[in-house]
Each structure stands twice: as C-alpha cells, then as structure tokens.
1. Within the range 109-138, can you find the residues that are surrounded by fewer than 14 Cβ atoms within 10 Å (Cβ to Cβ) and under 21 Å from the mean Cα position of the chain (by Cα)?
2. Any residue at all in the range 11-20 that is among the charged types (D, E, K, R), in the same structural domain as Lys205 (by TED's automatic domain parsing) and within 13 Å of the ligand (Cβ to nearest atom)?
3. Among the residues in the range 33-54, are any part of a loop (DSSP other than H, G, I, E, B) and modelled with pLDDT of 95 or more?
4. Inspect all residues belonging to the range 162-182 and state whether any of them is under 23 Å from Thr19 (Cβ atoms), in a strand (DSSP E or B) and at pLDDT 95 or above.
5. So which of Glu95, Glu107, Glu85, Glu48 ends up being among the acidic types (Asp, Glu), in contact with a Ser or Thr (Cβ under 9 Å, 6 or more places away or on another chain) and more than 24 Å from His155 (Cβ to Cβ)?
6. Name every residue in the range 138-171 that is over 22 Å from Tyr194 (Cβ atoms), free of Cβ contacts under 8 Å to residues at least 24 places away in the same chain and acidic (Asp, Glu), in order of residue number.
7. Please work out which residue is surrounded by the most Cβ atoms within 10 Å (Cβ to Cβ), limiting yourself to the range 183-198 and to residues that are within 15 Å of the ligand (Cβ to nearest atom) and polar (S, T, N, Q).
8. Could you check the range 1-30 and list, in sequence order, the residues that are farther than 13 Å from Leu51 by Cα and β-branched (Val, Ile, Thr)?
Amino acid sequence: MKKIAVYVLNGFLGSGKTTVLLKMIEQYKQENKKVAVILNELGTVNVETHLFKDQQLIELLNGCICCTIQDDLHETLKALVVQHEKETIDVLLIEGTGVAHPLEIAEVFAFEDLEAVFEIESIIGIVDASHFLDYLSIFSSSKEIRTLLREQVRHSSIILLNKIDCVDDKQFLKIRKKVDSLINDRVPVMTATYGDIHLEEIRKKRFGRIESLPSTSSHPHHHLGSHHGTIKMVKIEYGQMVDKRILTTWLNNLPKEVIRAKGLIQFTGDSHLTHVQFADKLVRYTAMDINDERKPMFVFIGKDISKEMFQDFPHRIGV
Ligand SMILES: Nc1nc2c(ncn2[C@@H]2O[C@H](COP(=O)(O)OP(=O)(O)OP(=O)(O)O)[C@@H](O)[C@H]2O)c(=O)[nH]1
C-alpha cells in the first residue's frame, strides 16, 4: 500500500499557515490527488471552516495536538488509516495551532501502527517576515513566546518566509540572517507572499523520512511542558450588528497581550457576514457568502488573556 505523504504546517499565530494550506490544497486538487486535512485550533471553535468548501476537513479543537490532545491526533490518524484502506489518500496536510511545537506533532507518527502508513515529507515552518524580529525582541514578547518562535524555526525541515510583500530588502536580509542562525544549512529557506509556493519546489526540498528531520533524534519523546501554557483563547458570541468603523478602532486598540483575533461579524446594513482577521497588528475584512448562516463570533488569542478583558466587547462596538 502506498504511504500517505504528510506535510506539517507550523508557524506562529497569524504567520500564514491557513493561507499556505489553501494554496497547497488547490494545487493538489489540480493534480487530482486525494487530500485529507487536519486542522487544529486552541479553542472550541474554528472560525474559518468556510474557507474549506468541498474539502475533507478534520477539526481537532480545544487543545494542541502537540501536547494536550496528542491522543486525539493519534486516534484521528488511526481512522485515516482505515479510510486509506478503502480509498487511497495521497496527502495529509496538518495545520498546527500557532503555538504548536512541530516535533511533538511529528513524534505521534513514530508509533508503529502509523509509521507503516504515513511518511512525513516535511515540516514546513512558516515565518511571518513582517513580525518575526519584532516578536523575538525582548521589548515586545515574553520569554515563553521568544523560545517558542525559535523552537518552531529550529525544528522545521523547510522554512517558508511568508509576507515578503511587507518587508524591504534591508529588513529581509536581517530576518534571513536571524533565521539562518537558528537552522542548519541542510534546511532550505523559501520565500512567499500570501503563501504562493509551488508544490514542485516543496517536493524537491523535502527531507523524506522522519528520522532525518533536523534534531528529531535528539528529542526522543521529550515534552517541552509549558512551552505555550499561558497562551489562551477566548471566544465571544455576538448577536448584534456592528459598526465597521468602531470595530476597526476597537481592534486597533486591543491590549498588546492580544496577538491574534479572528471572527465572523455582521456589519450594519449588510445581509452577509464578514470574516474579520486581526494578525500582525493589522485588521483585514473579507465579505462572506450570503448563504453562510453561522452565528457571529469572535476569538482572541494571546498571552494570559481572560474573558473578563473582553466583557465590554458588545457594548463598545454594538450600534
Ligand atoms: N500582507 C500579507 N498578508 C498575508 C500574507 N499571508 C497571509 N496574510 C494574511 O495574514 C492573516 C493571517 O493569515 P493566516 O493564513 O490566517 O495565518 P495563520 O498562521 O493560519 O493564523 P492562525 O489562525 O493564528 O494560526 C490573514 O489575514 C492573511 O490574509 C502575506 O504574504 N502578505
């Protein structure tokens, strides 16, 4: 039986994992490949299911598959093995949470029952070129986040510097130098804007067997414990229409502990929902299909955040 090729997409919050994932799915579809996707979210909800129309999507929610719900990943993979026996799955794409440790995802594949069926082709470490250096600065981030960022880069087998459109040549060289200092020279570094990578390039640069992934052998079943213990997700459900200008101002003034936010919102006067993204300190809106009838909601991800911090959310932006 042909093995299922596995790609783990890893990278910090908002770095562009979903963007890259969608580009990869699109290309595999053009090649008529059967793709399975596992998407992991820290919280109880995935705001972005509408982006995966006509795609088998397995959502693992409410924890990190690299630690707290690693068993769920194992069970999901076992179910995929059963599915693979009936209809061949060519590729499995796994998107970790923005705070996942890549090796702890990869180590699940070392179980004997899975090793025979899956082959990790690459751990793609997606780096947000627009904010990587900022996040690594002691003035902007906690030690915990800085350590996690370095670990995510160190344990990737391909680095993808995304959001290249947001940096000039000088900044790019600085980021490249920093990334190079964290990886060994066997690890290829690619660049992308909105995840515009070509599968052919990714395939050429793959590492192949899990044993040869950087540092895997020096990390045998060793958990990093609290590497993202204080990163929390808070969900807010919101029934009213929202004024766009007020929401934008509110998001732009969120406390710095909030690293990422995403949501579905109905703006005043609209009959459709809008997908709201707050990443790398920028707010982006995308109008959604009028037939999407999900309830408006918002999730916030950040260090030591709590629901109380957002208690006045509806009063502030409701009209
Ligand atoms: N300017 C710019 N924006 C980008 C690029 N790639 C992604 N984005 C935007 O950055 C935001 C975050 O991208 P996602 O793909 O959702 O990031 P993610 O890593 O999946 O985020 P998490 O859900 O936090 O894990 C979205 O609004 C994207 O449209 C890029 O190359 N350039």
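The values are calculated or read from the model by the stated rules, or taken from the named source; none is laboratory data. A quick note: this is a predicted structure, and the numbers were derived from the prediction, not measured. A quick note on method: Cβ atoms are made from the backbone with ideal geometry, for glycine too, and the neighbour counts reach across all protein chains shown.
1. Within the range 109-138, just Asp134 meets the criteria.
2. Yes: one or more hits.
3. Within the range 33-54 (the criterion being part of a loop (DSSP other than H, G, I, E, B) and modelled with pLDDT of 95 or more), the answer is yes, since at least one residue qualifies.
4. Looking through the range 162-182, at least one residue is under 23 Å from Thr19 (Cβ atoms), in a strand (DSSP E or B) and at pLDDT 95 or above.
5. None of the other options fit; the residue is Glu48.
6. None; the set is empty.
7. Thr191
8. Ile4, Val6, Val8
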